[in-house]
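First comes the structure, then the notes that go with it.
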2 protein chains.
Amino acid sequence: MTNSPSKLLDNAVYEFSKLPGIGKRTALRLVLHLLRKSEEEVNVFGQSMIDLRKNIKRCKICNNISDTDTCNICSSPSRDTTTVCVVENIKEVIAVENTAQFHGLYHVLGGLISPMDGIGPSDLDFDGLLHRIRAGGVREIILALSATPEGDTTNFYIYRKLGNLPVEITTLARGVAVGDELEYADEVTLGRSIMNRIKFEAT
Amino acid sequence: MTNSPSKLLDNAVYEFSKLPGIGKRTALRLVLHLLRKSEEEVNVFGQSMIDLRKNIKRCKICNNISDTDTCNICSSPSRDTTTVCVVENIKEVIAVENTAQFHGLYHVLGGLISPMDGIGPSDLDFDGLLHRIRAGGVREIILALSATPEGDTTNFYIYRKLGNLPVEITTLARGVAVGDELEYADEVTLGRSIMNRIKFEAT
């Protein structure tokens, strides 16, 4: 920052501005906001980030973020252990959990195959997934990845990897979103929703 | 956060979402970004905020944020000590400094009088300003506050406070911004710029 009166302020602004989507001006605004808080409150803020990074674990079964060695989903006795939903990251675990429509377990890949970003299969946790299926007990794998080229590539990679294992592979239904007006649905989605039409059931 | 797998994650997200303009979703994105960084990097991030809040000082002369008892502007031998620019906060100090048009000193009020927000004169540093003027040596006070009702109220308050002291009080010129097309200038600003017209000088 030009003409800054404080090195301490500069450091804090610089650290904030390294975060995605936060420019110098927003960073300064956030730091000045923190400066108006009590020392105790700012300690709690800073320490919560430090503690998170230091103490967070990866679930040794599904690779999801967890406070313990086994996450609360994998260790829950009420989940269906025969169905595993493969997702990109923890954000997608939270999204699927929020639907309350899925009662199986997850497998978090940690990303999608993306040659453009230099992310290959070895950077993601496919081995853990294979290991879980080979160990037995899994009947269905639900591929719940983004409908993007990277998601499609990753879907295909998993399909090839698991092809000869005795497990059913399913993927999310693609179609017109609930609440969408048909005239605004894009044609690829609309086409797919016609191809994969389902029997009408009056509810 | 519903269905979160981690209390540590929740805490960090909660702390971020207390910042202005940052909602739950953005907070989660920022925290997951930090989680991908090394422990060392996250320590630097958290510690920079804690250190800032703990060690930052207010300049005992101008009330600006400073690493030392006297800020680098007040302690600079090359500044004109007879002119004091009164500003709301450190952001305005930086803005005026960036123009490179002002070589005097500052006085940081720490806010503007705003009855709506419960900010009265006693919450701001008017006493320090009076003290500096009474100590002598100040010839001109430049009121560089926002052109808002709060700014106007504060200007008027200072004007009344300093009315009987031997000091010239000036304020920023209001007018059409450099680069603005006239047809889009608002009428109050355009009216003021006609009232306060200045002699044309060919440069």
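Bear in mind that the values in this text are calculations on the coordinates, not laboratory data. From a predicted model like this one, the values you see are computed outputs, not experimental measurements. Note that we place each Cβ from the backbone using ideal geometry, even for glycine, and neighbour counts take in every protein chain shown.
Before moving on, here are some points about what is shown:
- Annotation for segment B:69-139: trypsin sites (Lys or Arg not before Pro) lying in DSSP loop with at most 16 further Cβ atoms inside 10 Å of their Cβ are B:79, B:139.
- Cβ-defined net charge surrounding residue B:162, 13 Å radius [Lys, Arg +1; Asp, Glu -1]: +2
- Hull shadow area, averaged, chain B [alpha-carbon convex hull, nm²]: 17.8 nm²
- Note on chain A: lysine pairs with Cα distance below 19 Å, sequence gap of 8 or more or different chains, count 4.
- Of the chymotrypsin sites (Phe, Trp or Tyr not before Pro) found in segment B:119-201, those that fall in a DSSP loop while having at most 15 other beta-carbon atoms within 10 Å are B:200.
- Of the GluC sites (Glu not before Pro) in segment A:142-203, the ones in a loop by DSSP (not H, G, I, E or B) with at most 11 other beta carbons within 10 Å are A:181, A:201.
- Model label zone, residue B:41; criterion: amide N under 20 Å from point 7 Å along Cα-to-beta-carbon; scope segment A:59-87: A:65-66
- The alpha carbon convex hull volume per residue for segment B:114-196 rounds to 124 Å³.
- Legend: mean number of C-beta atoms from other chains within 10 angstrom of residue C-beta atoms, peptide A:89-96, equals 3.
- Of all residues in chain A, the one whose Cβ lies closest to the rotation axis carrying A onto B, together with that distance in whole Å, is A:46, 2.
- Pseudo-label separations to other copies for residue B:44 - Cα-to-Cβ vector, 7 Å, nm: 2.8
- Note that segment A:167-177 has calculated 3J(HN,Hα) couplings of 9, 7, 10, 10, 9, 5, 5, 9, x, 5, 5 Hz, one per residue in order, obtained from phi through the Karplus relation 6.51 cos²θ - 1.76 cosθ + 1.60 (θ = phi - 60°); glycine and proline are x.
- Backbone phi angles across segment A:126-131, fed through the Karplus curve with coefficients 6.51, -1.76 and 1.60 (θ = phi - 60°), yield HN-Hα couplings of 7, 4, x, 5, 4, 4 Hz in residue order; Gly and Pro are listed as x.
- Scaled radius of gyration (Cα, divided by 2.2 N^0.38 Å) that the protein assembly as shown gives: 1.38
- Long-range amide H partners of residue B:107 with built H, under 5 Å: B:85, B:86, B:87
- Degrees, to the nearest 10: A:7-17 long Cα axis against longest axis of chain A: 20 degrees
- Projected area averaged over orientations for segment B:5-55, convex hull of C-alpha atoms, nm²: 4.0 nm²
- Peptide B:33-46 - average C-beta neighbours from other chains (10 Å radius): 5
- Computed from Cα positions, the angle between helix B:24-35 and the longest principal axis of chain B comes to roughly 70 degrees.
- Highest average packing first - A:188-195, B:110-117, Cβ atoms within 10 Å: B:110-117, A:188-195
- Between helix B:149-162 and chain B there is an angle of about 50 degrees, using the helix long axis and the longest principal axis of the Cα atoms.
- Each other copy places its own label point for residue B:116 at 4.5 nm from this one, sorted shortest first, where the point lies 7 Å along the Cα-to-beta carbon line.
- Average beta carbon contacts from partner chains per residue of A:11-24, 10 Å cutoff: 5
- Helix-only arithmetic for chain A: the sum of -39500 (n - 2.57) across DSSP H runs with n ≥ 4, divided by the residue total, places the mean residue ellipticity at 222 nm at -12500 deg cm²/dmol.
- Using θ = phi - 60° in the Karplus curve 6.51 cos²θ - 1.76 cosθ + 1.60, the 3J(HN,Hα) couplings for segment B:76-82 round to 6, x, 9, 8, 7, 7, 8 Hz; x is entered for Gly and Pro.
- Calculated label separations, residue B:164, copies of the chain, 7 Å along the beta-carbon direction, nm: 10.0
- With R₀ set to 60 Å, the beta-carbon distance separating residue B:164 from residue A:130 gives a calculated FRET efficiency near 0.10.
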